[in-house]
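Enquirer: Right, I'll just put the structure down here and ask away after.
The values are calculated or read from the model by the stated rules, or taken from the named source; none is laboratory data. Note that this is a predicted model, so its numbers are computed, not measured. Note that each Cβ is placed from the backbone with ideal geometry, even for glycine, and that neighbours are counted across all protein chains shown. Note: areas computed on protein heavy atoms with side chains; ligands, DNA, RNA excluded. Shrake-Rupley method; radii C 1.70, N 1.55, O 1.52, S 1.80 Å.
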4 protein chains.
Amino acid sequence: MTMIRIFVTGGTFDKTYDEIKGQLSFGETHLPEMLRLGRSHVEVGIRTLMMIDSLDMTDVDRALIVRNCQQCAESCIVITHGTDTMVDTAAALARGVAGKTVVLTGAMIPYAFGSSDGLFNLGSALSLVQVLPPGVYVAMNGRYFEWNKVRKNRETGVFEPIL
Amino acid sequence: MTMIRIFVTGGTFDKTYDEIKGQLSFGETHLPEMLRLGRSHVEVGIRTLMMIDSLDMTDVDRALIVRNCQQCAESCIVITHGTDTMVDTAAALARGVAGKTVVLTGAMIPYAFGSSDGLFNLGSALSLVQVLPPGVYVAMNGRYFEWNKVRKNRETGVFEPIL
Amino acid sequence: MTMIRIFVTGGTFDKTYDEIKGQLSFGETHLPEMLRLGRSHVEVGIRTLMMIDSLDMTDVDRALIVRNCQQCAESCIVITHGTDTMVDTAAALARGVAGKTVVLTGAMIPYAFGSSDGLFNLGSALSLVQVLPPGVYVAMNGRYFEWNKVRKNRETGVFEPIL
Amino acid sequence: MTMIRIFVTGGTFDKTYDEIKGQLSFGETHLPEMLRLGRSHVEVGIRTLMMIDSLDMTDVDRALIVRNCQQCAESCIVITHGTDTMVDTAAALARGVAGKTVVLTGAMIPYAFGSSDGLFNLGSALSLVQVLPPGVYVAMNGRYFEWNKVRKNRETGVFEPIL
C-alpha cells in the first residue's frame, strides 16, 4: 500500500460557518472526518501547513509548500488548496519538486455544506496520486490536468484544459 | 477528454428509503445527481442494467453485464455494484472482457444517507478509469485492486488485498 | 423554563443503516444529537423505553409506556414513536394518563438520512408540549391532533383529521 | 386547519454559498424546500418581503414588515428573520400589530449547511403560531419568549429570558 502525504492549505474545502460572527471562517481541517466518511483505508499522514483563502496566498506561503513537498519522505503528495490560485501553486511546485507525484485538489463548495463537491474531489485526488507518474497535477471536476495545461474559468468556476 | 461509460447495477450505492413501506428499496439511480454534486465535467454515458442487491445477482445477470462491457463503444467503464459479490462480477468480467479498463465500485452506506461513502468512491472510480491500463479493478476504501487480488472482509466491511 | 421528559420508543425516527448487514436496524437514539443540532436550550430528560418498530409493539409495551408517563415527575412529555401504530399508543395513553400534556411524534424518513422530517417534527413536538393544555396529542406534518381525532393514511403516509 | 402566513426577510436562515464569488449570499428562500422536507401539510402562504442580513435592516424595512402583518388576511404569522436584530423587529411588531399571533424565528447556521438548526426552528415556530394567544413571540433554541422578555446573548448566540 502506498503511503500518501496530505498537506492542507485551506481554501473553500475547509471553510466553516462561524455562528457567532455569522461569517465564513477557518477552523480545523475536515480531512480526517472526510477520510472516515469515505471509509478510506489508504495509509496517509496529514499536516496542516496553513489555513487560508488562496487569494491571500503569498510567494512566501508557496515557498513553504514547495519546501515541505521537497523534504517529506513520501513520494505521493495530495495538497488541498483554494481554487482561485491552485494553478499558480502548481506552477511553483513544478519548478521546485522533482521525482514526486503531487496532486492538488479543492472544492467549489465548503465540505461543511451538505452540497459540497469536496468528498468527490478527495476520492479523485487520493486515487490519482497512487497511479500517475511523477509530476504536478490538478484534480478537479472529475478530471485531472498536468500543471501547465489547465486554468480555472472564473465565470463558470470550472477547470478547463489550455489547448 | 476520455468518454466514460457508466453501468449501474444497484447495490447499497443506490438504495433509498421507501417511506410508505418503511423499507429500503431501489428507485432511480442517484448517479446523475452525484455527478452534479461533484461538479463533474467528464463526458459520461449512464445506463442502468439492473437495480438489484448484489446478493441476488445471478449468472445470467453477470453475463448481461459482461456482454454490455464487450459491446459498448467506450474502452473506459465504471460499474456501480453491491459490495457483497463485487469481486465475483469482477472475475466474470476478467474472463470475458479484453482491451478495456473496467473499474467496479460501490458503497457501504446508501448515497441517500447523509453519511455515505458513495461520492468518495465515485470520485475515485471515475479518476482511476482514466489512468489505469486495460484490466478489471475494484475501487473501494480509497484504494484500488486488480480483480484477482482482493476480497471483501465480511466482518469489517473493508476490501483487503489477497496476499 | 419547563422541564420536559422525552421517552424514546424507536420507530423510523431512530432507524440506522447497519453497513455490515446491509439492513436497517436500531442502535442508540439520535435524540441528543438532534437536540444539539437544533441548539435546543430546553431542559429535557431523555429515557429510552424500547427501540422497536411500532408494528412490533405489543400491549405489554404500551402498558410500559403508560406506566412511565404516569410515574415520571414531569407533566410535559414527548414520546418518539413509529408512525404505524402511533395513534394506538395515543389511545392507550389517553385512557391511562391524566393531568399531563403528552405529545407523540415520529418521522417518515430516518433521521440518519439527510432528507428526514425528524428534526422538523421534534421542533414541533417540543414546542407544543410547552403550550398545549393537559391531554394526549399527535404532532406530525406540521400539525397537531387530539388523540381521538387523527389517523395515519397508509397510502400517502400523511396524518389526517378524523372528521 | 389554520391558514398561516409566512413572511421571509432573510437572515442566516436563508444564506447560501455563492460558489463563483466564494462568499455567503442571498438567493431564493429555502422555505418551500424546508416545508417539503418536513412533510408539512399545514396550509401556508409564503411571501418574501426582503432578503437581507438583519444587521442591515432599517426602520423603513421594519415599517414594511409591520404593515404587511397588519394588512394580511391571516391572524397567524411566522416571520423568518436574522437573529441579530430579531428582538428589535419583535418590538416594532408589538407596537404596531394587534389581535394576531406573530412568531419570529431564524437560524444560527444557514439551512443550506447540513448542520443547520433551521428545520428544527421552523417546526417550532409553525407549531407555536397555531397555539399561542395573540401577541408577538420569538421562537429559538426550542423555547419561545414574549417579545419583551428575551434578548440574544451575543457571546453564546443563545436567546435568553430577561429576568
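Enquirer: So, in the stretch C:88-101, how many residues would count as being closer than 27 Å to C:S25 by Cα and either basic (K, R) or crowded, with 22+ Cβ neighbours inside 10 Å (or both)?
Expert: Residues that pass the stated criteria total 3.
Enquirer: If B:P134 satisfies every condition in (1) modelled with pLDDT of 95 or more; (2) touching a helix residue (DSSP H, G or I) at 6+ places or on another chain (Cβ under 9 Å); (3) farther than 22 Å from B:H41 by Cα; (4) surrounded by fewer than 21 Cβ atoms within 10 Å (Cβ to Cβ) but one, which is the exception?
Expert: Only one criterion is unmet by B:P134, namely (2).
Enquirer: Still on this structure, I have one more. Taking the options C:G114, C:G106, C:G99, name whichever one is closer than 23 Å to C:M51 by Cβ and more than 9 Å from chain D (Cβ to nearest Cβ).
Expert: C:G106
Enquirer: Would you mind finding the one in B:F26, B:F13 that is farther than 30 Å from A:L163 by Cα, over 12 Å from the mean Cα position of the chain (by Cα) and more than 9 Å from every other protein chain (Cβ to nearest Cβ)?
Expert: Within the list B:F26, B:F13, the selection yields B:F26.
Enquirer: Does A:S127 meet the test of being open to solvent by less than 10 Å² (accessible area, probe 1.4 Å) and small (G, A, S)?
Expert: Yes, satisfied.
Enquirer: If we only count strands (runs of 3 or more DSSP E) wholly inside the stretch B:47-163, which ones have 3 or more residues that are within 13 Å of the chain's Cα centre (by Cα) and hydrophobic (A, V, I, L, M, F, W, C)?
Expert: Counting at least 3 such residues, we get B:76-80, B:101-105, B:135-140.
Residues checked against (1) in contact (Cβ under 8 Å) with a residue 60 or more places away in the chain; (2) buried (at least 19 other Cβ atoms within 10 Å of the Cβ); (3) charged (D, E, K, R):
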site	(1), (2), (3)
B:T9	yes, yes, no
B:K15	yes, yes, yes
B:L24	yes, no, no
B:T29	no, yes, no
B:M34	yes, yes, no
B:L49	no, no, no
B:C72	yes, no, no
B:M86	yes, yes, no
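Enquirer: Restricting attention to the stretch C:74-84, and to residues there that are open to solvent by 10 Å² or more (accessible area, probe 1.4 Å) and not polar (S, T, N, Q), which single residue is farthest from C:I162 (Cα to Cα)?
Expert: Per the criteria, the residue is C:E74.
Enquirer: List pairs: first residue in the stretch C:119-137 and touching a residue at least 40 places away in the same chain (Cβ under 8 Å) and more than 7 Å from chain D (Cβ to nearest Cβ), second residue open to solvent by less than 10 Å² (accessible area, probe 1.4 Å) and not in a strand (DSSP E or B) anywhere in the structure, Cβ distance under 7 angstrom, at least six positions apart or on different chains.
Expert: From the stretch C:119-137, the pairs are C:V136/C:A90; C:V136/C:L93; C:Y137/C:L128.
Enquirer: I've got another one for you. With (1) farther than 14 Å from D:Y137 by Cα; (2) within 14 Å of chain C (Cβ to nearest Cβ); (3) among the polar types (S, T, N, Q) as the list, and D:Q70 as the residue in question, which single condition is left unmet?
Expert: Unmet condition: (2).
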